[in-house]
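Report on the following structure.
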Amino acid sequence: MARISFNSARDLVIAAETEKADIKHELSKSEVDVEQVTSRIERDEKRLASGTGTPKELEQLQHELQSLAKRRSELEEVELEVMVRIDAIDERIKALSAERDQYAARIAELEEVVVKESKEIDDAMISGSAQRNEISHSIGKELIDLYEKIRGQNSGVGAALLKGDTCEGCHLTMNAGERARVKALPDDEVVRCEECRCILVRI
Ligand SMILES: [Zn+2]
């Protein structure tokens, strides 16, 4: 879940950054437009200040300057609007990046838990098999072989507790006759469940 959220936040950041690159391109174009009009205005103003030309030419120049000023203010509006859009997308990138980083931190936390728990399981398995080795030395080879054989056939269950008249391996209950027979057997006699065939540990 954290991984999916991280991926989608990361993709949204990438999409927003691509969009920002496009808008920045628009901004440079807009800046060039403004600069061109500004330099034309400067040129016309110089010519007007020099006073060279017929009165009609000077009047035309004044008209041109008026329309250029209008054009420049329109282009500046466009430039401003593009800058506002860049600010907005910067905000969006900031928020999405924070979200992405939060998920990344959560994933790191979860991964740490997985590593820690895997190690605990490994440790438990190592100490479990060490214990089993220790116990198997005190039990006869024949019984160990029988246990391993049943375990191999019985999806890992070779022995189970007999609690009252229930086998903890298959959770089936033995009938009264069977129970009486098992009860009468000596303690060191190997008893097996009639249902799942595992060795019953009588307590
Ligand atoms: Zn059983």
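Name the residue, out of ILE41, ILE4, that is assigned to a helix (DSSP H, G or I), among the hydrophobic types (A, V, I, L, M, F, W, C) and at pLDDT 95 or above. Spell out the reasoning first.
Values: ILE4 fails: at pLDDT 95 or above.
Result: ILE41 is the single residue among ILE41, ILE4 that is assigned to a helix (DSSP H, G or I), among the hydrophobic types (A, V, I, L, M, F, W, C) and at pLDDT 95 or above.
Being modelled with pLDDT of 85 or more, assigned by TED's automatic domain parsing to the domain that holds CYS170 and either surrounded by 11 or more Cβ atoms within 10 Å (Cβ to Cβ) or under 30 Å from ILE4 (Cα atoms) (or both) narrows it down to one residue among VAL157, VAL114; which is it?
Working: VAL114 fails: assigned by TED's automatic domain parsing to the domain that holds CYS170.
Every option except VAL157 fails the conditions.
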Inset, instruction - Answer with yes or no whether GLU134 is more than 16 Å from the ligand (Cβ to nearest atom) and assigned to a helix (DSSP H, G or I). - result: yes
Inset, instruction - Six or more apart or on different chains, Cβ under 7 Å: which pairs go from a residue in the range 50-62 that's over 16 Å from ARG40 (Cβ atoms) to one that's modelled with pLDDT of 90 or more? Could you list them? - result: LEU58/LEU48
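Return the residues of the range 138-150 that are touching a residue at least 12 places away in the same chain (Cβ under 8 Å) and more than 13 Å from the ligand (Cβ to nearest atom); say none if nothing qualifies.
Within the range 138-150, the subset touching a residue at least 12 places away in the same chain (Cβ under 8 Å) is 143, 146-147, 150.
Of everything in the range 138-150, those that are touching a residue at least 12 places away in the same chain (Cβ under 8 Å) and more than 13 Å from the ligand (Cβ to nearest atom) turn out to be LEU143, LEU146, TYR147.
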Inset, instruction - Consider only pairs whose beta carbons are under 9 Å apart and that are at least six residues apart or on different chains; among these, list those whose first residue lies in the range 185-203 and is within 17 Å of GLY164 (Cα to Cα) and without any contact (Cβ under 8 Å) to a residue 40 or more places away in the chain and whose second residue is within 10 Å of the ligand (Cβ to nearest atom) and of a type in the set (Gly, Ala, Ser). - result: CYS193/ALA160; CYS193/GLY169; GLU195/GLY169
Legend entry - Residue list for the range 1-57, filter: more than 21 Å from ILE93 (Cβ to Cβ) and either among the basic types (Lys, Arg) or in contact with a strand residue (DSSP E or B) (Cβ under 7 Å, 6 or more places away or on another chain) (or both): ARG3, LYS29, ARG40, ARG43, LYS46, ARG47, LYS56
Legend entry - Selection count where residues are more than 9 Å from the ligand (Cβ to nearest atom), under 52 Å from the mean Cα position of the chain (by Cα) and either assigned to a loop (DSSP other than H, G, I, E, B) or aromatic (Phe, Trp, Tyr) (or both), scope the range 155-203: 6
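Conditions tested, residue by residue: (1) in contact with a helix residue (DSSP H, G or I) (Cβ under 7 Å, 6 or more places away or on another chain); (2) among the aliphatic types (A, V, I, L, M).
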site	(1), (2)
SER129	no, no
ASN133	no, no
SER136	yes, no
ILE144	yes, yes
TYR147	no, no
SER155	no, no
GLY164	no, no
ALA180	no, yes
ALA184	no, yes
Legend entry - Filtered residues of the range 10-37 (kept if surrounded by 15 or more Cβ atoms within 10 Å (Cβ to Cβ) and either polar (S, T, N, Q) or outside the structural domain of ALA88 (by TED's automatic domain parsing) (or both)): SER30
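The values are calculated or read from the model by the stated rules, or taken from the named source; none is laboratory data. Owing to the predicted nature of the structure, the values given are computational and were not obtained by experimental measurement. Please note: Cβ atoms are built from the backbone with ideal geometry, for glycine as well, and neighbour counts cover all protein chains shown.
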